[in-house]
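What follows is a short report on a single structure.
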Amino acid sequence: MNVMSWLGNRKIGTKLFIAFGSIIALTALLGIFATFQMGRVNQGAVTLGTVWMPGTNRLYAMDLQLSLLRRAELMYALSTTKEDQATYEKLMNVAIVDFEKEEAEYQKLVDTPEEKTLYDDFAKAFGIYLNDHKTFLDLSRQGKNAEALELLKGDAKKAYDQAEKSLLQGVDLNVKGAE
């Protein structure tokens, strides 16, 4: 006995019940599957919103403050009046304070070995850069402007470039993680 002859021998009410029952069962299974898949999508969105995007935003903010510090240093070096130098020194101090706030927030988000390695590389380069920054200010205050400018163009630039490179590698890592 095949299915078609079995079905053909049933009353119309039984046939309708089987047909609509099958549709309802398939719809229920589709609903369960869709709910499960939406849960996966939601989990991905939560991870993106709580881990990867905040990390990327913090790294960009740190890079911005680092750039503002560098720019203020260069403007300080080019300043010809004490008033201008005082203005740029204030900007440097603000950039450092704002940078430290962003860095503290970012440190809370570092949770993978790759991020930790990149952050450690950054911290080393930034430490060197801050030491060069202090030396630059000391030289400038002593009137050794040529030496101060050479420091900015030499060792300080190398440390700055390495620190920025590490920050941008961190951004790339976060962007890839978000994909």
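Compute, for the stretch 133-179, the length of the dipole vector about the Cα centre, with Cβ point charges of +1 (Lys, Arg) and -1 (Asp, Glu) only. Units Debye, rounded to 20.
Details: 8 positive and 8 negative charges, 32 e Å.
In debye, rounded to 20, the stretch 133-179 gives about 160.
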Suppose every Lys and Arg Cβ carries +1 and every Asp and Glu Cβ carries -1, with no other charges. What dipole size does the chain come out with about its Cα centre, to the nearest 20 debye? 1280
Averaged over all directions, how much area does the convex hull of the C-alpha atoms of the stretch 55-179 cover when projected, in nm²? 7.1
Violations at 26 Å Cα threshold for listed pairs Lys116/Lys153; Lys108/Lys176; Lys101/Lys124 -> Lys116/Lys153
Which one, Met4, Thr135, Gly170, is farthest towards the positive end of the dipole of the chain when Lys and Arg carry +1 and Asp and Glu -1 on their Cβ? Met4
May I ask you to list, by number, the DSSP H helices of the chain whose Cα span along the axis is at least 27 Å and whose average Kyte-Doolittle hydropathy reaches -1.0 or more? 12-47, 53-78, 82-109, 113-141, 155-178
Name the residue farthest towards the positive end of the dipole of the chain from the options Ala123, Thr81, Phe17, assuming +1 on Cβ of Lys and Arg, -1 on Cβ of Asp and Glu, about the Cα centre. Phe17
Per the rule of 0.36 nm per residue minus the C-alpha distance, extending Glu83 to Leu29 adds in nm 12.0 nm
Of Met75, Met53, Met38, which has the largest mean-square fluctuation in a 10 Å C-alpha GNM of the chain? Met38
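Bear in mind these aren't lab numbers, they're just calculated from the coordinates by the rules spelled out. Note that this is a predicted model, so its numbers are computed, not measured. We place every Cβ from the backbone using ideal geometry, glycine too, and count neighbours over all the protein chains shown.
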